[in-house]
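**Q** Dropping the structure in here first, questions after.
Any read-out appearing in this document is the output of simple, stated calculations on the displayed coordinates, not a laboratory observation. Predicted model only: the values in this text are computed from it and were never measured. Don't worry about glycine lacking a Cβ; one is built from the backbone with ideal geometry, like all the others, and counts go over all protein chains shown.
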Amino acid sequence: MNSPAELTRIAAEIRKDILKMSFQAKASHLTSALSMVEILTALYFGGVANVDPLNPHWEDRDRILISKGHGGSALYATLARRGFFPKEELNHYYQNGALLGGHTEYRVPGVEISTGSLGHGLSIGLGMALAAKHDKKTHRIFALLSDAECQEGEIWQALLVASHHRLDNLVLIVDYNKFQAIGKIEDVVSFDPLHKKFEAFGCRTRECRGHRFSGLLSAFSALLAVKGQPKALIAHTVIGQGVSFMEGDLDWHYKSLSEKEFARAMVELSAFAKVADAPQPLWRRRASADTRRSAFLPGLPARRRVGRA
Ligand SMILES: Cc1ncc(C[n+]2csc(CCOP(=O)(O)OP(=O)(O)O)c2C)c(N)n1
Ligand SMILES: [Mg+2]
């Protein structure tokens, strides 16, 4: 298993790949992809999920379902780095005839389901979890949802059934970045306290800071030990995490990068990746992303941040 320092370095490299892919393709949804990087890194590199890049259809693999398909660039950058397909494919992201489209697609090695229409990943995971129990299999199903997906009725229907069948092989993860396409969750349709709702629907629930490997890994480990209930992990994240001028800024949901913005973002992420190589893990030394930025990139303007990270 990778150390937290190594995971931090991998996450920084994944962020750089997301930026490069999206810049080349003039793609959007950057903030959505950047908020889920540590969650994906923990799943694929942190020893949480059992997958085999050389055998992506291995029958006993854990299933990782990315319900927020518009964050596909993050999944593709992660899968390429884990060895599911050549990294070269990232250079053709979102181009005509390419393997990698704008949203997640099943035909890509390592991608379990095609998504893009929000709200369906958990129900698909529910079916997989029921099938696994029926077949007496021990693999787990991880379904990563965006926070705004929790406004869809289908999520709560799926949880009713998961809880009725005591599906402890189903792990729901919410990338709780506090924003949706048209505003803050709390201004559009608030659902706080979310953990109480998951608990009321029969889930064993944990909350953690979604950009800290210490919290993510211990939350996964605690949840995976629970028997007889579906599990929910609420990961508090920040849209655009890692790029100072995108963090907490809703405009970046649809914007694509100019050459100047791309260069600036890459400088920030490269500095972060170097720092992550230092012997003392970064997440131990920094109380917040703000102090990290000011310590290593002095002179940048203050961030507009929302929520905990
Ligand atoms: C059913 C459905 N309605 C609308 C959209 C268009 N859409 C794309 S992203 C998005 C919302 C983004 O907010 P959130 O779901 O919280 O994801 P985030 O980008 O914050 O991770 C919407 C409404 C969609 N993809 N699917
Ligand atoms: Mg959101």
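**Q** Positive end of the charge dipole of the range 182-261 (Lys, Arg +1 and Asp, Glu -1 on Cβ, about the Cα centre): tell me which of 211, 225, 258 has its Cα farthest that way.
**A** Among 211, 225, 258, the one farthest towards the positive end of the dipole of the range 182-261 is 225.
**Q** R0 = 25 Å: FRET efficiency of residue 1 with residue 270, Cβ-based, nearest 0.05?
**A** Details: r = 25 Å, r/R0 = 1.02.
Efficiency computed from Cβ-Cβ geometry: 0.45.
**Q** With the crude spin-label approximation of a point 7 Å out along Cα→Cβ, what separation in nm comes out for residue 95 versus residue 55?
**A** The modelled label-to-label distance comes out at 3.4 nm.
**Q** Just order 40-48, 23-31, 131-139 by mean Cβ neighbour count inside 10 Å, highest at the front, would you? Present the calculation step by step, with values, prior to reporting the outcome.
**A** Numbers: 40-48: 23.3, 23-31: 20.0, 131-139: 12.6.
Highest mean packing first, the order is 40-48, 23-31, 131-139.
**Q** How much length would be gained if the chain were fully extended between residue 117 and residue 189, taking 0.36 nm per residue of separation minus their Cα-Cα distance, in nm to one decimal?
**A** Length gained between residue 117 and residue 189: 24.1 nm.
**Q** Then there's this: Take peptides 258-267, 96-105 and line them up by average Cβ neighbours within 10 Å, highest first, as a rough protection proxy.
**A** Working: 258-267: 14.4, 96-105: 16.6.
Per-residue mean Cβ counts within 10 Å order the peptides as 96-105, 258-267.
**Q** Using Cα springs under 10 Å in a Gaussian network model of the chain, which residue among 156, 252, 58 shows the largest mean-square fluctuation?
**A** Comparing 156, 252, 58 in a Gaussian network model of the chain, the most mobile one is 58.
**Q** Could you give the size of the charge dipole of the range 4-305 about its Cα centre, using +1 on the Cβ of each K and R and -1 on the Cβ of each D and E, expressed in debye and rounded to the nearest 20?
**A** On the way: 39 positive and 32 negative charges, 157 e Å.
Using Cβ point charges on Lys, Arg, Asp and Glu, the range 4-305 gives about 760 debye.
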